[in-house]
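Enquirer: To start, I am sharing the structure in question, which I have written as structure tokens.
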Amino acid sequence: MKTHKARCKNCKSTVVLTEHLRSYILSDHVRCTIQSRIASCQTCTTVVYAERLPKESSIKDRDILAWLRNRKSPPRCLECGGTDLQYPNEKGLLRCHRCGEDIQIRGDSRLVLSRRWDWYTSEGELVGANIMSPSRGAVPIEPKPALPTGEKRTNE
Ligand SMILES: [Zn+2]
Ligand SMILES: [Zn+2]
């Protein structure tokens, strides 16, 4: 799993991010690993991992292609589900929520093992957080995380 360190050059506030496995549950039988990217979330007011929707041309699986073509929501923050996101500029910098100055992002190739596995709807909304157990598979973490405000879970 990848890790990132985001540090403001001015106020020195630092965020260390560690990615873990996340999947879309597209149907009873189809899951798709979520690709992520660094973004600044205006709702979380911090640096987060956000969805990176794949390019159609990179997809060979028919079910996943169908999902991508039907996808309605813009990419979401994987923490809160918000869509008010900013991405690093061409210099790889984000704006600090505290002081407005530049935040520098560094990727870290250090190997981090995470047993966390979170599930999301096809529209990128969190539906379940799990810890992978060698003997019991995905074990739900209770209580379930709250849904993003203003959005309702549907059983479509
Ligand atoms: Zn700052
Ligand atoms: Zn957020």
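The values are calculated or read from the model by the stated rules, or taken from the named source; none is laboratory data. Just so you know, these numbers come straight off a predicted model, no measurement behind them. FYI the Cβ positions are ideal-geometry reconstructions off the backbone, even for glycines, and counts take in every protein chain you see.
Enquirer: Could you list all residues from segment 71-91 that are within 16 Å of ligand 2 (Cβ to nearest atom) and among the basic types (Lys, Arg)?
Expert: 76
Enquirer: Another question about this same structure. For residue 116, all conditions in the list (1) more than 16 Å from ligand 1 (Cβ to nearest atom); (2) more than 19 Å from residue 22 (Cβ to Cβ); (3) at pLDDT below 95 hold save one; what is the number of the exception?
Expert: Just one mismatch for residue 116, condition (2).
Enquirer: Of the residues 107, 82, which is part of a loop (DSSP other than H, G, I, E, B), away from ligand 1 (no atom under 16 Å from the Cβ), in contact with a Lys or Arg (Cβ under 8 Å, 6 or more places away or on another chain) and closer than 26 Å to residue 131 by Cβ?
Expert: Going through 107, 82 in turn, just one is part of a loop (DSSP other than H, G, I, E, B), away from ligand 1 (no atom under 16 Å from the Cβ), in contact with a Lys or Arg (Cβ under 8 Å, 6 or more places away or on another chain) and closer than 26 Å to residue 131 by Cβ: 82.
Enquirer: To continue, here is another question. Quick one: would you say residue 94 is touching a strand residue (DSSP E or B) at 6+ places or on another chain (Cβ under 6 Å) and either within 11 Å of ligand 2 (Cβ to nearest atom) or over 24 Å from residue 3 (Cβ atoms) (or both)?
Expert: Considered against the rule, which asks whether it is touching a strand residue (DSSP E or B) at 6+ places or on another chain (Cβ under 6 Å) and either within 11 Å of ligand 2 (Cβ to nearest atom) or over 24 Å from residue 3 (Cβ atoms) (or both), residue 94 comes out as no.
Enquirer: Please enumerate the residues belonging to segment 110-131 that are touching a residue at least 24 places away in the same chain (Cβ under 8 Å), hydrophobic (A, V, I, L, M, F, W, C), assigned to a strand (DSSP E or B) and farther than 17 Å from residue 44 by Cβ.
Expert: 117, 119, 127
Enquirer: Taking segment 27-51 only, how many residues are aliphatic (A, V, I, L, M) and surrounded by fewer than 16 Cβ atoms within 10 Å (Cβ to Cβ)?
Expert: 0
Enquirer: On to the next question. Exactly one of these conditions fails for residue 95: (1) within 15 Å of ligand 1 (Cβ to nearest atom); (2) buried (at least 17 other Cβ atoms within 10 Å of the Cβ); (3) charged (D, E, K, R). Give me its number.
Expert: Evaluating residue 95 over (1) within 15 Å of ligand 1 (Cβ to nearest atom); (2) buried (at least 17 other Cβ atoms within 10 Å of the Cβ); (3) charged (D, E, K, R) leaves (2) as the failure.
Enquirer: Within the bounds of segment 51-70, is there any residue that is farther than 25 Å from residue 109 by Cα, out of contact with any Leu (no Cβ under 9 Å at 6 or more places or on another chain), within 16 Å of ligand 2 (Cβ to nearest atom) and not hydrophobic (A, V, I, L, M, F, W, C)?
Expert: No.
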